[in-house]
Each structure stands twice: as structure tokens, then as C-alpha cells.
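These notes are about the structure you will find just below.
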Amino acid sequence: MKKILYICLSLLATMPMMAQETYENANVATEDLNGTARYVGMGGAMEALGADISTIGTNPAGIGLFRHSNISTSFGVVSQQDAMDFDFGNKTNMSFDQIGFVYAHRTGVSSFMNFGFNYHKSRNFNHILSVSDNLNGASSNKISYAKGYAGLFDLSTKDEEIVGNSNAFSQVDFLNYNVLLQDNDGNYYYNDANSYLMNRANKGYIGEYDFNLSGNINDRVYLGLTLGIEDVNYKNYSEYSEYLVGAGNVTYADERRIDGSGFNLKLGAIFRPVEASPFRVGLYVHTPTWYDLTTKNYTTLTNNSSVGLYGNGYNEEVYDFKMNTPWKFGISLGNTFSNMLAVGLSYEYADYGKIDSRVNTGGGYDWYYDSYYETSESDGVMNYHTESTLEGVHTLKVGAELKATNNLAIRLGYNYLSAMYNENGYKDSSLDSPGSYYASTTDYTNWKATNRLTFGLGYTVDKFNFDLAYQYSKTDGEFSPFMNYYAEGSQDISDCICNPAAVSNERHQLLFTVGYHF
């Protein structure tokens, strides 16, 4: 009978500060289409039209078009299509999405100075991933063995644990070497696998708190500035099982949390080129979001096979890191026709290859300002990998609103987001980076372009407005359980190649907003 070994990453605990990995950073850096039901119903294409509180987080000048003070709140339900509930993950979830107000202050006959505050859920992490496929001899433990065979790290023993001496020795490698790869004589062997099964549940959100100052000059030029505060709450749990050739199965279970905060600035302008025309042009720019985050993981390896020294092992880690998102730039057009039809078009660009992973290097106390400070530097190795893996994303938004009656509005919208991931990108666990060292999973998904379709209705009664929106979004992708390894003629180890499996993320959102102007 196998022994039970409880493994603690004592070596990793000596390095409390580090950077994060490309695919995890990309998950935090992106945003959803969310806000008021009117904004979502028009596909978010309101950056030139303005006068909706959700523009506070896209083009801040949109708040300058308010002529009355306003308060609103939004909530709804989000459901993932063709998903099965797993662990704490449910395919259908209620969601509180937005609450905010605008105070409009007249400063002249046709000029206003407005102040706004809005909370909205900029990112909904709820997602369930289930995928299985053949491995044809490839395996996670084979990748760990190949990294050692290639000389990416030297192995030694510390407190009866096998440890590595470089950043390429990840938490997954630690478990593989201590549980699976060694025999009773101290020799190392890898094990081929026939197939795998992956189940993962993501849960959580990024909440954004926006504070806005905006106004207009003679009803021709509108300017706005927004300070955004981000609150990150992310959790996932995954179980990845491999079925070894003639030896049974092994399961890697990983639980991870990412918590923290960040801040950014957004600047925007809207102007009417022709005084007698309602046609508007909007321009806006977002600074990076400067994140200060903490991540925790608890990872186990359950060995139900006939190979290796032990039946179980685990490790856990807590560390801090910083990450800066890319700049975002946008231009938009909007027009109204006889106060019956409003049409908007927006284009945005952000180069996610410029995500900056940063290593915390220390800090101190500033006696003059009576405050503590923290220093960091870019992780050049991980940033180079990010630049070759992630791409610039082009976002196109189109939306329209038709006033069917004085009280009833009908809305339509469409979004297209180009792929963020290079189709040849992969999660490189062999990098000389702390982001690899602390990795507790090896899988990655290269998601492709996203398409969103929206529809909405709005109804006004006196000073109240009631809005309903439906959003359908779909993104296809290719999942891989680990990176490929090519033996290049080696007689001691064969190729470890895993073909990607097709996956898809289809979501339905129903959103309701109630507002009041005064």
C-alpha cells in the first residue's frame, strides 16, 4: 500500500513577493459589456451619445450631457449555455450590476457642471469549463520530467522533499517529482497517459467604483474626467485527471484566489462639429489600471496509480504581486434623428501584449510624508512572453434606439471583439520567472473573437424609467492541458504533444434597471 505524504512548499515560502503569469493576468485585465440596461441594450455604443451613467466608465464626457440629476440601479441574471454545475460553480447566477447617481448643476444658460458616482460590475468571472480528450502518450508528469532532463533546474533534497533551484521548477513540478516520478531506488521515470478530464469552476467579479467630474461649454463641447477604483474578487477550483497507461489515474486539484485593488483614470471629450446638427464625435483614453494583488493557492495531487512513491501530496502558497493593464483608446460617433432615433458607433483599441507583470522588490517608510511605500520592477521574462502570446484587441460597438411612442423605446446592439490570444500562444512553464515558479496549473485556453448581440426595451412614467436588456455572447477557444515538448532525437524521452480541444463559452444575460430623474 502506498504511503501518504503531506508536502508543504517550504522553499517557496521564502519568496513572498513575485509577478504573475500571462494567462492569469489576461483574465483579470479584460472587461465585460455591463452597466445599465439601456447601455447594454444599445451594445454599449453610447460614447458619443452620452447621457447614460454607464458612459462614466468609457467616455467620461458622456456625463456632461445630463440636464437633470439622476439615480439608477441595475440587477439581473447571467446563465452559461451547455454547462453542468461543478463544485461551487453554478451555470445560472443572480447578479447585482450597477448603482449610481449624477448631480447636474447649471452654470449658464446652456452650460452645466456635473458630478457623478457609479458602481458597476466590470467583470463577471462566473464560468464553468469541462473538457476531455485523448493524450496519446503525453502527460503532465512527462513535462515535469522533460524540464529536468533538459537541465532547466537541478534537483536536491531539503527536509526530505525534492526541490529545484530555478524559477522553472513550478508547484506542479514539485508535486510530480515528490509523488510520481521517483522509485524506491531514487531513480526518476515518467509515465505516459491515455486521456484526461478537466473540470473548473470560476467565481467572483471585479467591481469598479467611478467618480466623475464633467461639464459642457455652450452645449457644443463636453469634457469629463473619471477616477476608477477596482475591487478584485476571484476564485477558481479545478480538478484535472490523467489516466496513465496501464497504471491507473492521478488527479491534480487546485484552488486559487486572487484579491486586491487597483485604480485608473479616464479622460474624454464629445463635441458637435456643426452647431445646428445633433451629430457628435467622442474621443476618450484610459490609463492602465495599476493593480496591487494577492493570490493564494492550495494544490493537491492524488495518486490512484501503481507508480510513484506516495499516494498523496499537497502544497500551498500566498504571495503579493503587481500588474498594470494596457492603455485603451476610443473614438465614437453618434447622431439623433427628429428625437425619434438615436444611433451610435464606437471603436476601441487596447494592446494586451503590453500588460506589465511586476515583481515587488521591497519598500520602506517615508518620514517626510509619514507613509509607507512599496517598490516594484517589471518582470522582463514574463513580459516578453506576454507580448508574444497576447495581441491588440479591436472592439467595435454598434447600437440604435427607436422611440416607438413617447414612453416606449426599442433598442438593438452588436459588439465584435477581435481575439486577444495568438493562436500559437501557450502557457510556458519553463520560463525563468517567478510567474512560472508559483504556477499551480499547466493548462491554458486560447480564446478567439467574441460576438455579442443585445436587445432592449425602455419605458418611462413621469420621472421614472424602467429598462430591460438581453445580451447573448459567444467566444470559442482551444484548450490545452499543458505545453508541448519536442524531444529532438532524444532516446531517453519521447515527444510530449497534446492536440488542443475545442471549447466554447456562450452566455445569456437578462438585465433590469430602474431610474429616477429630478
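The values are calculated or read from the model by the stated rules, or taken from the named source; none is laboratory data. From a predicted model like this one, the values you see are computed outputs, not experimental measurements. Note that we place each Cβ from the backbone using ideal geometry, even for glycine, and neighbour counts take in every protein chain shown. Only protein heavy atoms, including side chains, enter the accessible area calculation; ligands, DNA and RNA are left aside. Shrake-Rupley method; radii C 1.70, N 1.55, O 1.52, S 1.80 Å.
Annotation: of all residues in the stretch 323-343 being part of a strand (DSSP E or B) and either at pLDDT below 95 or of a type in the set (Phe, Trp, Tyr) (or both), the one that is nearest to the chain's Cα centre (by Cα) is Phe329.
Evaluation of Thr454 against the conditions (1) at pLDDT 95 or above; (2) crowded, with 22+ Cβ neighbours inside 10 Å; (3) outside any strand (DSSP E or B); (4) hydroxyl-bearing (Ser, Thr, Tyr) shows that the sole unmet condition is (3). A search for C-beta distances below 6 Å between a residue of the stretch 47-70 that is without any contact (Cβ under 8 Å) to a residue 24 or more places away in the chain and at positive phi and any residue that is open to solvent by less than 10 Å² (accessible area, probe 1.4 Å) and among the small types (Gly, Ala, Ser), counting only pairs 6+ apart in sequence or on different chains, returns nothing. Residues in the stretch 179-204 that are outside any strand (DSSP E or B), hydroxyl-bearing (Ser, Thr, Tyr) and either closer than 30 Å to Thr58 by Cα or within 35 Å of the chain's Cα centre (by Cα) (or both): 1 in all. Residue count for the stretch 205-223 satisfying the condition of being open to solvent by 20 Å² or more (accessible area, probe 1.4 Å) and in a strand (DSSP E or B): 7.
Take His394 and tell me if it is over 20 Å from Thr58 (Cβ atoms) and not charged (D, E, K, R).
Criteria not met by His394.
With respect to Gly108, is the statement that it is assigned to a loop (DSSP other than H, G, I, E, B) and surrounded by fewer than 24 Cβ atoms within 10 Å (Cβ to Cβ) true? Judged against the criteria, Gly108 is a match. Restricting attention to the stretch 80-95, the residues that are assigned to a loop (DSSP other than H, G, I, E, B), open to solvent by 40 Å² or more (accessible area, probe 1.4 Å) and not acidic (Asp, Glu) total 5. Among the residues of the stretch 175-198, at least one is closer than 28 Å to Arg123 by Cβ and open to solvent by 20 Å² or more (accessible area, probe 1.4 Å). Considering only residues in the stretch 224-248 that are farther than 30 Å from Asn312 by Cα and touching a Pro at 6+ places or on another chain (Cβ under 8 Å), the one that is most open to solvent (accessible area, probe 1.4 Å) turns out to be Leu225. Looking only at residues in the stretch 249-261 that are open to solvent by less than 40 Å² (accessible area, probe 1.4 Å) and in contact (Cβ under 8 Å) with a residue 40 or more places away in the chain, the one that is farthest from Val28 (Cα to Cα) is Val250. Is there a residue in the stretch 123-141 that is open to solvent by 30 Å² or more (accessible area, probe 1.4 Å), within 21 Å of the chain's Cα centre (by Cα), closer than 24 Å to His286 by Cα and at pLDDT 95 or above? Yes; the residues of the stretch 123-141 include at least one that is open to solvent by 30 Å² or more (accessible area, probe 1.4 Å), within 21 Å of the chain's Cα centre (by Cα), closer than 24 Å to His286 by Cα and at pLDDT 95 or above. For the stretch 211-221, indicate whether the set of residues that are farther than 22 Å from Leu135 by Cα, of a type in the set (Asp, Glu) and modelled with pLDDT of 95 or more is non-empty. Scanning the stretch 211-221 turns up no residue that is farther than 22 Å from Leu135 by Cα, of a type in the set (Asp, Glu) and modelled with pLDDT of 95 or more.
Number of residues in the stretch 30-73 that are over 26 Å from the mean Cα position of the chain (by Cα), surrounded by fewer than 24 Cβ atoms within 10 Å (Cβ to Cβ) and assigned to a strand (DSSP E or B): the value is 2. Scanning the stretch 481-494 for residues that are touching a Phe, Trp or Tyr at 6+ places or on another chain (Cβ under 6 Å) and at pLDDT 90 or above, we see that the one that is farthest from Tyr196 (Cα to Cα) is Met483. For Ile270, the conditions (1) of a type outside the set (S, T, N, Q); (2) within 20 Å of Phe115 (Cβ to Cβ); (3) open to solvent by 60 Å² or more (accessible area, probe 1.4 Å) all hold with the exception of (3).
Given Gly515, Gly477, which one is within 31 Å of the chain's Cα centre (by Cα), under 30 Å from Phe66 (Cα atoms) and either at pLDDT 95 or above or open to solvent by 20 Å² or more (accessible area, probe 1.4 Å) (or both)?
Checking each option against the conditions leaves just Gly515.
Based on what the data block shows, is Val77 open to solvent by less than 20 Å² (accessible area, probe 1.4 Å), touching a residue at least 12 places away in the same chain (Cβ under 8 Å) and in a strand (DSSP E or B)?
Here the answer is no, as Val77 does not meet what is asked.
Here Lys328 fulfils each of the conditions (1) charged (D, E, K, R); (2) touching a helix residue (DSSP H, G or I) at 6+ places or on another chain (Cβ under 7 Å); (3) closer than 26 Å to Ala45 by Cβ apart from (2). Evaluated against (1) part of a helix (DSSP H, G or I); (2) farther than 24 Å from Ser418 by Cα; (3) open to solvent by 10 Å² or more (accessible area, probe 1.4 Å), Tyr23 falls short on exactly one condition, (2).
How many residues are modelled with pLDDT under 95 and either open to solvent by 20 Å² or more (accessible area, probe 1.4 Å) or outside any strand (DSSP E or B) (or both) if we restrict to the stretch 293-316? Residues meeting the conditions: 11. Total residues in the stretch 163-174 satisfying the condition of being open to solvent by 30 Å² or more (accessible area, probe 1.4 Å) and assigned to a strand (DSSP E or B): the figure is 0.
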